[in-house]
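Worksheet: the structure to be examined is printed underneath.
The values are calculated or read from the model by the stated rules, or taken from the named source; none is laboratory data. Everything quoted here is computed from the prediction, not taken from an experiment. Using ideal geometry, Cβ is built from the backbone for each residue, glycine included, and neighbour counts are taken over all protein chains shown. Side chains included, ligands, DNA and RNA excluded: accessible areas come from the protein's heavy atoms. Shrake-Rupley method; radii C 1.70, N 1.55, O 1.52, S 1.80 Å.
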Amino acid sequence: MVISYRNPLNNCLQYGEFLVNTGVRKEIDVMKRKWLGVGFVLVFLLPALAGAVEKGDFAVDTTADLMVLCTAPKGDLFHKEAVHFCIGFLTGAYHYHMVANSGPDGNPLVSLPDPPPKRSKVMSDFVEWVNRHPQYKDEEPVDTWFRFLVETYPCER
């Protein structure tokens, strides 16, 4: 029970005493429990049911696995992480290839235009290309990525 006191200036009941005497505190406690239950469902149960992307999808073994991440819907729980992983994977593979093939003896397979296209544009073009070439969905994603790059941005020799 809340101990209350009267305000000497206006002889009114304080807020805590009002809650105890009117039963409002019990109603507030019931509402808190209900909202905690709703919060539990939203935080722990709905993400498992709602999202197309799961944590296990980040272990990319095939091009199809990568496509799940690159095409994560905006409402998905892991949308931001999935798309950033996709762009990071593609960018990292491209940069590794460029560094490994730089210098006077380098033999790069691809050459981006100047100025280079935006990463998000290249990613969406890659997704479209994979959809037009489904025979590569079971291959290593880096192999499919370079098939796309060589076809789309061939190096002028």
**Item:** Protein-only accessible surface order, largest first, of 140, 156 at 1.4 Å
**Value:** 156, 140
**Message:** For residue 111, what residues show an amide H to amide H distance below 5 Å, using hydrogens built from the backbone and excluding near sequence neighbours?
**Reply:** 155
**Item:** Segment residue 62-residue 74, length gained on full extension (0.36 nm per residue, minus Cα span)
**Value:** 2.1 nm
**Complete:** A correct Karplus calculation of ³J(HN,Hα) over region 117-125, with 6.51 cos²θ - 1.76 cosθ + 1.60, θ = phi - 60°, whole Hz and x for Gly and Pro, returns x, 5, 4, 5, 5, 5, 4, 5, 5
**Asked** Within region 68-100, what residues put their amide N at less than 17 Å from the label point 7 Å along the Cα-to-Cβ vector of residue 111?
**Response** 98-99
**Message:** Using the Karplus curve 6.51 cos²θ - 1.76 cosθ + 1.60 with θ = phi - 60°, what ³J(HN,Hα) values do you get for each residue of region 140-151, in whole Hz, with x for Gly and Pro?
**Reply:** 4, x, 5, 5, 5, 4, 6, 4, 4, 4, 5, 6
**Prompt:** Among 143, 105, 65, what's the order by accessible area (1.4 angstrom probe), most exposed first?
**Reply:** 105, 143, 65
